[in-house]
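Chemist: To start, I am sharing the structure in question, which I have written as structure tokens.
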Amino acid sequence: MTPTPEPAVPASGSDYGELEAQLKVFASEIGGLYRAQKERAEQLETALAALKVTYLETIRSLAFVVEAKDAYTGQHLERCRAYGVALMAELGVADDHPDAEYGFLLHDAGKIGVPERILSKPGPLTAAEWRIMRTHPVIGYQMLQNIPHMTTAAEIVRCHHEMFDGSGYPERLRGEEIPLPARAFSIVDAFDAMTTDRPYRAALGTDHAATELARMAGTQFDPEVVKVFLPLIDRLPALST
Ligand SMILES: [Fe+2]
């Protein structure tokens, strides 16, 4: 035989009052904990943002050390970074590669291992000098490969002279064998090189540069990424040259 459940005893008025008081204490404790946690999260967020700025500035300094050694023009690295970040966002992959901007800044860091006489030689390089010059992507990659959270940056550095048709270096990678951020970088790097003054020629207009990129889509550059970059040109952040 199933025992009949005991009827619930209705709580008296004083029981309700006590329960209510306990709930109020509980709610106020929870509220206090929530506010403390929120404050802690905000402090952490501020510290993280400061750390990120420090990290970027450190990398920028390192990149500028190399740029000072090379005879390349002033703001090239900064424009490569800004244009590269804009293109990664337009491709919808910026969040997948938060360290890409470090790679854009450091792409030529391996030139630190190339003798000055080759870097700043006024005339054309000999075959032997080219062989040395072409080691800079691998030297740069070796500098970065063991740094945590720099995987994409290291890949950009290693692959920034690869070409879509497989005619680049150091590994003659082709098509999608070249990591997407490196394919994006080679477009913004070439665009910036074309649209700034060089000792041997004046800057090309952006329309002319766009035509050149379109012409080299499929050989030097990934045609799909060029297609995304061309309409972005008018919206690139304005930086001094
Ligand atoms: Fe390079």
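Chemist: Using a 1.4 angstrom probe on heavy atoms only, work out the carbon and sulfur share of the accessible area of the stretch 16-235 in %.
Modeler: 59
Chemist: Once the piece of chain linking residue 190 and residue 18 is laid out straight, how much longer is it, given 0.36 nm per residue of separation minus the C-alpha distance between them?
Modeler: So the extension gain works out to 54.4 nm.
Chemist: Please go through the stretch 162-234 and write out the GluC sites (Glu not before Pro) that DSSP classes as loop and that have at most 15 other C-beta atoms within 10 Å.
Modeler: Here the GluC sites (Glu not before Pro) that fit, given the DSSP loop and packing criteria, are 171.
Chemist: OK, next. What size of dipole, in debye to the nearest 20, comes out for the chain about its Cα centre when the only charges are +1 on Lys and Arg C-beta atoms and -1 on Asp and Glu C-beta atoms?
Modeler: The calculated dipole for the chain is roughly 1180 debye.
Chemist: Using a/c under 1.5 as the rounded threshold, could you call the stretch 39-111 rounded, prolate or oblate? The axes a ≥ b ≥ c are square roots of the C-alpha gyration tensor eigenvalues, and prolate needs a/b larger than b/c, oblate otherwise.
Modeler: Oblate, because a/c is 1.5 or more while a/b does not exceed b/c.
Chemist: Among 167, 30, 100, which residue has its Cα positioned farthest towards the positive end of the charge dipole of the chain, with +1 placed on the Cβ of Lys and Arg, -1 on the Cβ of Asp and Glu, and the dipole taken about the Cα centre?
Modeler: 167
Chemist: Can you count the Lys pairs in the stretch 17-175 with C-alpha separation below 29 Å, eight or more apart or on different chains?
Modeler: Total qualifying Lys-Lys pairs in the stretch 17-175 comes to 7.
Chemist: Dimensions of the chain along principal axes (Cα, Å, largest first)?
Modeler: So the three principal-axis extents are 100, 39, 38 Å.
The values are calculated or read from the model by the stated rules, or taken from the named source; none is laboratory data. Quantities reported herein were computed from a predicted structural model and do not represent experimental measurements. Note that we place each Cβ from the backbone using ideal geometry, even for glycine, and neighbour counts take in every protein chain shown. Areas reflect the complete protein model, heavy atoms only, side chains present, ligands, DNA and RNA absent. Shrake-Rupley method; radii C 1.70, N 1.55, O 1.52, S 1.80 Å.
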